[in-house]
Amino acid sequence: MAQVQPTTVMSAPRADGRWPDQLRPLRFQNNIAPHATGSTLVEWGNTRVICGVTVEETVPRWMKEQSVAGGWITAEYSMLPYSTLQRKQRDATKGKIDGRSQEIQRLIGRAMRAAIDLEKLGTRTIWVDCDVLQADGGTRTAAITGAFVALSLAIRSMISAGKLSDSPMLHAVAAVSVGIVDRQPLLDLCYTEDAAAEVDLNLVMNAAGEFIELQGTGEEATFTEAQLADMLALGKAGIRELLVAQQAALADIES
C-alpha cells in the first residue's frame, strides 16, 4: 500500500509499529453472507465488521405520504456482545438502541445515500446492516468503508437480475479517523490511541474529493486551525488509499 507523504515532522513509530501517516492493514472478504444481496467482511487492523445489504421492494411510509420519488437507504449498526474485552449487552436486552449505535447507524445511512442516485434506485428500500465482530477503534469508519463495498456488490446483483436497468451509483464513499495523541497528528487510530486522543476527527468523503461529514471533537484539549489542516491532510490522503482498496476489492469480483 502506498505511503502518504506527511504534512508534519515524523515522530517515532507508534505502539503497533506504524508511522503517523500509515493506515492499518485493510482487507475485504466479499460475499460473506450468502443470503444478503451484497456483503463483505472488512478487516481493518484488529477491527472486523460484517456489512450486509438486503433489498425490500417498498419505500418508507413517509415517502409514500409525501409522494417522494425514488428509493431510500437506511442502516443499522450493532456491536456484538463479544466484540469488546468486556461483554457488551445487546440493545434488545436493554429494550432500546444506545445513543452511540443510533448516531453511527444514522451516519452510515447518510454516507450510503450520498453514494446513490435515489431516484434511479426505484421504489425500493436498501437496508445496510453493519455488525462489529471485533472492535479495536474505528468501527464506524470501517462500517462505512465496508458498507460501500457491500452496497456496490448489491447494485451489481440487482443489475444482473434485471431489477435495475442502469447503475444508480454516483461516487465511491470511504471514511477514516484522525486524531492528535501527545500533540502528534495520527491517521487511523486504534483503540488505545483513540482512548488517549486529545482530539478526535472522523472524515467521510467521496471519490470526487467532497466531504460528506466531518466529526471533530476536542476530547481533552482545544485545537488550532493549523492542527485541523494537518488532520485534514492526513485524513484526505488516507481516504485516497481506502478508495483504491475498495476498487481493488470490487475488481477481484469482476476478474
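The values are calculated or read from the model by the stated rules, or taken from the named source; none is laboratory data. The structure presented is a predicted model; accordingly, all values stated were derived computationally and were not measured. Backbone-built Cβ (ideal geometry, glycine too); neighbour counts: all protein chains shown. Areas reflect the complete protein model, heavy atoms only, side chains present, ligands, DNA and RNA absent. Shrake-Rupley method; radii C 1.70, N 1.55, O 1.52, S 1.80 Å.
Whether a residue is without any contact (Cβ under 8 Å) to a residue 12 or more places away in the chain, more than 19 Å from residue 78 (Cβ to Cβ), part of a helix (DSSP H, G or I) and not aromatic (Phe, Trp, Tyr) was assessed, and residue 159 passes this test. Scanning region 201-214 for residues that are on the phi < 0 side of the Ramachandran plot and surrounded by fewer than 21 Cβ atoms within 10 Å (Cβ to Cβ) yields 206, 207, 208, 210, 211, 212, 213, 214. On the stretch given as region 30-62, residues that are open to solvent by 50 Å² or more (accessible area, probe 1.4 Å), of a type outside the set (Val, Ile, Thr) and out of contact with any Asp or Glu (no Cβ under 7 Å at 6 or more places or on another chain) total 8.
Of all the listed residues (228, 242, 151), the sole one being in a helix (DSSP H, G or I) and without any contact (Cβ under 8 Å) to a residue 40 or more places away in the chain is 228. Within region 147-196, the set of residues being over 19 Å from residue 244 (Cα atoms), small (Gly, Ala, Ser) and open to solvent by 10 Å² or more (accessible area, probe 1.4 Å) comprises 157, 160, 161, 162, 165, 167, 195, 196.
Determine, yes or no, whether residue 228 is hydrophobic (A, V, I, L, M, F, W, C), under 21 Å from residue 46 (Cβ atoms) and either under 21 Å from the mean Cα position of the chain (by Cα) or surrounded by 14 or more Cβ atoms within 10 Å (Cβ to Cβ) (or both).
No: the conditions fail for residue 228.
Hey, does region 215-224 have a residue that's open to solvent by 40 Å² or more (accessible area, probe 1.4 Å), charged (D, E, K, R), modelled with pLDDT of 95 or more and part of a loop (DSSP other than H, G, I, E, B)? The answer is no, given that none of the residues of region 215-224 is open to solvent by 40 Å² or more (accessible area, probe 1.4 Å), charged (D, E, K, R), modelled with pLDDT of 95 or more and part of a loop (DSSP other than H, G, I, E, B).
Pairs meeting the criteria (first residue in region 187-207 and closer than 13 Å to residue 176 by Cβ and modelled with pLDDT of 95 or more, second residue among the aromatic types (Phe, Trp, Tyr) and open to solvent by 10 Å² or more (accessible area, probe 1.4 Å), beta carbons under 8 Å, at least 6 apart or on different chains) are 203/211; 204/211; 205/211. For region 63-91, the set of residues classified as among the hydrophobic types (A, V, I, L, M, F, W, C) and open to solvent by less than 90 Å² (accessible area, probe 1.4 Å) consists of 63, 68, 69, 72, 73, 75, 79, 80, listed by residue number.
Which of the residues spanning region 122-141 are buried (at least 24 other Cβ atoms within 10 Å of the Cβ) and touching a Gly at 6+ places or on another chain (Cβ under 9 Å)? Those that are buried (at least 24 other Cβ atoms within 10 Å of the Cβ) and touching a Gly at 6+ places or on another chain (Cβ under 9 Å): 126, 128, 130, 138. Looking only at residues in region 72-101 that are aromatic (Phe, Trp, Tyr) and in contact with a helix residue (DSSP H, G or I) (Cβ under 7 Å, 6 or more places away or on another chain), the one that is nearest to residue 47 (Cα to Cα) is 77. Residue count for region 223-255, restricted to those that are hydrophobic (A, V, I, L, M, F, W, C) and in contact with a Ser or Thr (Cβ under 6 Å, 6 or more places away or on another chain): 3.
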